[in-house]
Amino acid sequence: MEILIKNGRVLDPATETDQPADVLIQDGKIAKIGTKLVAEADKVIDAAGCFVMPGFIDLHVHLRDPGFEHKETVETGAKAAARGGFTTILAMPNTKPAVDNGDVVRYVLNKAGDVALVNVLQAGAITKGQRGEALSEIEDMVEAGISALSEDGKSVMNTQLYREAMMLAVKYDMPILAHCEDANLVHGGVMNEDENAKRLGMPGITNSVEDVIIARDIILAKETGAKLHLCHCSTKDSVELVAKAKECGIPVTAEVCPHHFTLTSAEIEADDANYKMNPPLRTRADVDALIQGLSEGTMDVISTDHAPHSKEEKNCSMKKAPFGIVGLETAAALTMTELVDKGHLTPLQMAEKMSYRPAQILGLDRGTLKIGRPADLVVFDPEAEYRIDAEWFQSKGRNTPFHGKQVKGRVKTTILGGRIVYDWDAERKNYD
Ligand code: DOR
Ligand code: ZN
């Protein structure tokens, strides 16, 4: 199968390429990039007016499989990913059972292999059952093929245990993906602690809930040398702490999710669980700092924290609903609309934060369009304008605060290893 992508704006952060060009894909690999390429391709894609980027890589996805298949399965999650322009996703371990041993790792990876729509990688839990009491079977999971260690959904509050895990992470050369939340400071909070929370009568979550653990984790990374990646940073001080750590040469990277750079806590008008996620939406000052951090390079990655829940679970007060919103099918458009279109990020930086940096953090040979690399690509129309419609999602989750939001930027084609795994032209026929 040969595919020729014609006349796109080719963006490759690895080589700092940003130029109009054609891309030829042969045998699942990037074969040629150049102007006016001629080939007897099986398929020609007209990418005029579109970005041609390395397929997006999401370091933070909840696939809910095993155990919560009513929220999402490997298959529906993979379909949502392909529709969102992602070609590689990292699944978090807070399933039931938790991914804390090799058997569960193999279960997810085998299922993903059968679905074959996106590269699915798995993060292993740090403690058994994510109970925070004893380390999980880390060596067994490494042998089964995990790509990272994470306790996502919570922090390992026992600092001694966490330090031990970091030393094992160094031994096995695994990044630690840290969900930073001090369990003792939360006090049942459901949204940011501020005037709006008071108005709505909701218990608040302070910035310190996050910042205290970020500081702790950075100190532990300094001491152990573990590669620390800070998940879903939401506060102003998280950006400061990451900047300082980097200045000191500590091996730390950080991610920001689209909801945290798009919305503020003040925009929660009523008690609506589609605005409930962890960490919560923060203030304008926090959002501005996150955007500046992304723009200046302090914040490395845009990840989704795709967290599907069922309608029933979310159709109740914020006080009762679970934390989390879906993100795979809205991330690229929100990044385009809120960051690129407003001049905070260049298109090349978008490709860097959504693909190249995540690949580097996991040590993958992806996230670039270099000749000979796997042909994982996304063709993205930066000018397409439309309203987000959650009913179109491939994800089982419809829990998003962005339903009805006017955005710019549409994934047109997603290609995985030289195979088209999502095509907007095929989908749009359903709506015409
Ligand atoms: O909002 C969130 N949802 N934050 C998390 O850390 C976990 C996630 C989930 O698993 O639902
Ligand atoms: Zn988390």
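The values are calculated or read from the model by the stated rules, or taken from the named source; none is laboratory data. Predicted, not measured: the structure shown is a model, and the values here were computed from it. As a convention, Cβ positions derive from the backbone with ideal geometry for all residues, glycine included, and neighbour counts pool all protein chains shown. Side chains included, ligands, DNA and RNA excluded: accessible areas come from the protein's heavy atoms. Shrake-Rupley method; radii C 1.70, N 1.55, O 1.52, S 1.80 Å.
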Residue ID - nearest to Met53 (Cα to Cα), chosen from residues in region 282-338 that are among the small types (Gly, Ala, Ser) and either assigned to a loop (DSSP other than H, G, I, E, B) or at pLDDT below 95 (or both): Ser303
Among residues of region 266-309, those that are in contact with a Pro (Cβ under 7 Å, 6 or more places away or on another chain), open to solvent by 10 Å² or more (accessible area, probe 1.4 Å) and within 18 Å of Ile214 (Cβ to Cβ), counted: 0
Any residue in region 289-316 that's farther than 28 Å from Asp272 by Cα: show its pairings with residues that are assigned to a loop (DSSP other than H, G, I, E, B) and open to solvent by 30 Å² or more (accessible area, probe 1.4 Å) at Cβ separation under 7 Å, as long as the two are six or more apart or on different chains. Leu294/His344; Ser295/His344
Of residues in region 152-178 being open to solvent by less than 10 Å² (accessible area, probe 1.4 Å), assigned to a loop (DSSP other than H, G, I, E, B) and closer than 18 Å to Glu210 by Cβ, the one farthest from ligand 2 (Cβ to nearest atom): Val156
Go through Asp381, Asp376 for me and flag whichever is in contact with a strand residue (DSSP E or B) (Cβ under 6 Å, 6 or more places away or on another chain) and farther than 29 Å from Ala169 by Cα. Asp381
Any chance Leu63 is open to solvent by less than 10 Å² (accessible area, probe 1.4 Å), assigned to a loop (DSSP other than H, G, I, E, B) and either of a type in the set (A, V, I, L, M, F, W, C) or in contact (Cβ under 8 Å) with a residue 60 or more places away in the chain (or both): yes
Test: residue in region 409-423 that is closer than 24 Å to Glu296 by Cα and modelled with pLDDT of 95 or more: yes
Residues that are within 16 Å of ligand 2 (Cβ to nearest atom) and more than 15 Å from Ala81 (Cβ to Cβ), drawn from region 300-320: Val301, His309
